[in-house]
Each structure stands twice: as C-alpha cells, then as structure tokens.
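What follows is a single structure, written as structure tokens, with notes after it.
What follows is calculated from the coordinates using simple rules that are stated; it is not laboratory data. Keep in mind that this is a model prediction, so the values were computed, not measured. Note that each Cβ is placed from the backbone with ideal geometry, even for glycine, and that neighbours are counted across all protein chains shown.
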Amino acid sequence: MEETGALIRKRRATISTGKGVPLKQVNGRSEVDESVNGRSDSGNTVTKRNVSDLPSTTSKERKKRINVPSDRQSVHVFKLSHVSPCLSCHRLQESLLSSASGYRNYRGVLNWCVVMLVLSNARLFLENLLKYGILVDPIQVVSLFIKDPYNMPAACLVIVSNVFIVAALYTERRLSVGCISERVGLLVHSINLSVTLCFPVTIVLMVKSITPVGGASALGVYTVLFLKLYSYKDVNKWCREMSHAKARSLARSLSCNGQDYQVSYPGNVTLRDLYYFVFAPTLCYELNFPRSPRIRMSFLLRRLFEMVSSWMIPIIQSSMKPLEVNIIPLSSLSHQVPNHLLWLIFFYWFFHSSLNFIAELLQFGDREFYRDWWNSETITYFWQNWNIPVHKWCLRHFYKPLLKSGVSKWLGQSAVFLASAFFHEYLVSVPLKMLRPWAFMGMMAQLPLAWFVARFLRGNYGNAAVWLSLIIGQPIAVLMYVHDYYVLHYREGSAGGGPE
C-alpha cells in the first residue's frame with residue numbers, strides 16, 4: 001500500500017503544478033503532460049522551466065506537497081514561437097510573374113514562343129510548298145548581286161579598296177620614321193579617306209550593271225574601311241605623341257594564349273598587322289587585340305550553319321501592286337511585322353552568327369558586338385547598345401574629341417546622330433540610284449523622339465515605345481523607298497515597253 005500511495009503521489013506530481021496554476025491545452029492535451037520527457041509528441045523542442053518559477057507557492061511548500069525527488073523538479077513548457085518545419089509550410093513571398101519577385105529567368109517562355117512560331121507557320125509553309133513549289137532559286141540569289149556572271153563590277157570595286165589600305169600604311173610608315181611632317185601626313189590621310197567615300201559612289205552611279213544589292217554591299221565595305229582607316233590614323237598619331245614607354249601602355253590587353261610579347265609603336269606599322277585589323281570584327285584599332293587561345297571547330301560550325309540557314313530571300317513582288325495606289329499608310333500595315341521580323345533575322349545573322357564566325361576564325365577575343373538593346377527603356381539606350389562596334393567608334397573617335405574641343409554634350413549627341421543619318425542615306429540612296437531623304441529624316445527624327453521618351457515615359461512604357469519605333473517607324477521608311485523605286489523603274493518601264 002505504501003508503494004501504491006507513492007506511485008499515486010508521483011503521478012499527481014506530473015499533472016499538478018500547485019494551487020492556482022491553470023493548465024494550457026495544446027492539441028487536446030495539457031502542456032505539462034506533453035513535456036514530461038522533455039519533448040512533445042510531435043517532436044517539437046520545448047523549453048525547461050524550474051518549478052521554483054511557478055507562482056502561488058514557495059519552493060519549500062511545493063516540494064512538500066507534490067513529494068517530487070530533487071532530480072525531477074523541472075517541468076518542460078512548450079513554446080509556440082519555436083514551430084517545427086513539418087508544421088509550417090508558408091512564408092512571405094511574391095509570385096514569380098510579379099515584378100517584385102525579382103525573377104528573371106524566362107528561357108522556357110522563349111522556347112515556348114519558338115515552338116509556337118514553328119508550329120503556327122508549319123501549315124502555311126506546307127501549303128505554299130504544295131501550291132507554289134520551292135521559291136528560293138540559287139540563280140535568283142546570285143542575280144541580286146550580279147546581272148552578268150562575266151561582268152561583276154561590285155566585286156571589282158571591293159578588290160580596288162586594297163589601294164586605299166596600302167596608301168594608309170605607306171603614309172604611316174613615312175610618319176613613323178619622320179620623313180614627312182604631321183601636317184603633311186594629315187593632308188594625305190584626309191585625301192585618302194575622302195576618296196574612299198567618294199570613289200565607290202561615282203562607280204555605282206555611273207556603271208548601270210551594278211545591282212542595288214551589289215552596290216549596297218560594295219558601299220558597306222567602303223564605309224567600314226573608312227571607319228577602320230580613320231581609327232588606324234588616330235591611334236598611330238596618339239602613339240607618336242607619347243613616349244615609347246607610354247606607347248606600350250596603350251595596348252589594352254595581352255593575347256590569351258600565354259605569350260609575353262606585345263607590339264609597340266612603330267612595330268605595329270606592318271602589312272600583316274593592318275590587314276588583321278581590316279578583317280577583324282571591330283572598327284577601333286589597337287596595337288594588341290585580345291586573342292582567344294584556340295579555334296573551336298564546334299563553335300565555328302554552329303555559326304556557319306546559322307549563317308546559311310538564316311539566309312532568306314524576301315518576296316516583295318506581291319507587295320508591289322498595293323503600292324501603285326499612293327497610300328503608303330494603308331499598304332504598310334500588312335508589311336510592318338514581316339519587315340520587322342526580317343530586320344531581327346538580319347540582326348541575328350550579322351551581329352551574332354557572322355561576326356562570331358569571323359572572330360572565332362581570327363581568334364579575336366572581344367565578342368561584345370551587342371548588348372541587351374531589347375530591354376531598352378529609352379531611344380538613347382537602344383542606339384548605344386544594339387551596335388557596339390559603331391558605338392565604340394563614335395564614342396572614341398567622334399564624341400569624346402568633340403567634348404574635349406569644348407562642344408556641349410547635347411551638340412555632341414546631335415552631331416553623332418547627324419553623322420549616322422548621313423551614312424544611312426549614303427548606304428540606301430546611292431545603291432538605289434535615287435536621292436531620297438527618308439533615311440536621313442528618320443535618323444534625325446530620333447532626336448525629338450529620344451527626348452520625348454526619356455521625359456514622359458518610364459519602365460515598360462519606355463520599352464514599348466522603343467519597340468513601336470522599330471516595328472512601325474522603320475518599315476514605313478523602307479516602304480517609301482520601295483514605292484519610289486517601283487514607280488521609278490517598273491511603272492515608267494512598263495509605260496515605255498518594259499522595265500529598265
């Protein structure tokens with residue numbers, strides 16, 4: 001009986017905490033009862049509290065009343081603040097598609113767009129293939145560049161450009177040894193650069209057998225050559241203005257293949273060095289370009305495949321008839337999206353596939369040919385990031401020298417847009433052999449548009465304005481040239497008995 005009484009008293013000690021102490025219930029069971037062994041049934045951690053901390057009785061009275069041994073005088077109390085992970089499955093967070101979430105990985109969405117684009121055009125492709133057959137004719141592709149395979153004036157014009165390259169090299173060699181003065185050298189370079197721009201214009205306008213595509217290609221080569229030779233002249237001039245020690249510091253980076261050799265002025269004034277720069281995918285000259293360690297054949301073949309597969313011949317014959325009615329806005333509505341898609345294809349073909357192919361072939365290390373222009377929230381950001389080689393050239397050889405001469409930033413930016421407008425018109429009007437101001441006016445219109453977007457539009461609205469200017473503005477200018485070219489060559493030709 002004494003043992004039974006002791007067990008009863010011990011059991012009471014586990015459920016009683018003294019007079020006036022209420023028991024808290026957790027999941028239908030008392031807190032203190034769940035914490036006898038130091039942990040609750042669910043495995044949650046509990047906190048120890050000494051019996052002396054409990055109210056309404058002293059430690060001596062409590063010990064006498066419940067008759068608990070000294071090593072069992074502690075009780076474990078469950079704390080709700082320490083919740084087990086198995087009981088909590090929520091936390092404060094935003095949905096992924098919310099801008100506040102910071103989520104930016106939409107590659108799966110991009111792949112979905114590609115799949116939907118392929119599937120949506122597969123039916124149209126099959127219908128056109130069954131109805132019209134294969135429209136892309138290799139002879140048609142060649143005829144865009146040359147009319148007579150035995151008479152290729154555009155190709156001959158490109159070959160003649162080597163004369164201007166050799167002239168620039170010879171002038172720099174004379175300057176490097178001090179045979180001619182800086183003033184005479186500047187005069188010779190100015191004449192050489194001026195002829196580089198004017199000579200192809202004369203040939204394209206005089207020779208009737210040059211096609212518009214062949215003429216545009218030749219003028220594009222000469223424009224790139226003009227910018228390269230201008231940079232070549234400036235950098236060598238900067239080297240002469242420095243000591244030989246400072247000239248070595250002009251090299252931006254060393255070749256990545258582990259060599260410790262750097263070219264310093266005038267050791268760079270060689271035919272091999274100049275022709276490497278002429279073929280390199282950059283417009284800004286340096287004494288030592290960053291070089292990749294080796295040629296990756298897999299990368300090279302992928303870019304070559306993209307270059308070949310991206311080549312498309314736009315069929316515009318069906319779009320000529322609507323242009324006979326002199327209502328450009330109505331006819332342009334159905335051609336804006338196709339024109340914009342062709343522009344995107346050209347961007348990927350040239351700035352990614354072609355330039356990376358050339359860079360890999362020449363082991364040219366700087367592959368930043370474009371930045372994230374598709375995220376542009378201002379017109380200015382777009383023009384600074386969609387064509388990095390031209391942007392670097394304008395910044396290095398045109399904009400910064402203007403600022404150093406005391407010109408304000410606004411006038412400097414306006415001068416850059418003016419020069420860009422000139423070259424756009426140069427590359428369009430001359431090959432078409434008709435002087436029209438559409439490209440020039442379109443480029444100059446970017447100035448007020450850039451001010452308006454930067455002043456009144458922000459974030460997604462600014463980005464939408466940039467996309468609208470590309471989707472709507474550019475096709476209108478292109479269609480105006482197409483309209484004028486059609487009227488000038490086909491309508492007058494049909495009135496006279498056939499096209500020219």
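Put simply, when 369-376, 123-130 are sorted by average Cβ atoms within 10 angstrom per residue, most first, you get 369-376, 123-130.
Take the Cβ atoms of Ile471 and Val160, set R0 to 41 Å, and the FRET efficiency comes out at 0.55. Shown in residue order for the stretch 199-216 are the 3J(HN,Hα) couplings computed by the Karplus curve 6.51 cos²θ - 1.76 cosθ + 1.60 at θ = phi - 60°: 4, x, 4, 4, 5, 5, 6, 8, 8, 6, 7, 7, 6, x, 5, x, x, 5 Hz (x for Gly and Pro).
Expressed as a fraction of 2.2 N^0.38 Å, the C-alpha radius of gyration for the stretch 348-416 is 1.31. Positive contributions from Lys and Arg (+1) and negative ones from Asp and Glu (-1), summed over other residues with Cβ under 14 Å from the Cβ of Thr378, come out at +1. Distances between placed amide hydrogens fall under 5 Å for Phe364 paired with Ser292, all partners being 5 or more residues away or on another chain. Amide hydrogen proximity for Leu287: with H placed 1.01 Å from N in the peptide plane, the residues at 5 or more positions away or on another chain lying under 5 Å are Arg252.
A simple count of charges around Ser231, restricted to other residues whose Cβ falls under 11 Å of its Cβ and scoring Lys, Arg +1 and Asp, Glu -1, yields +3.
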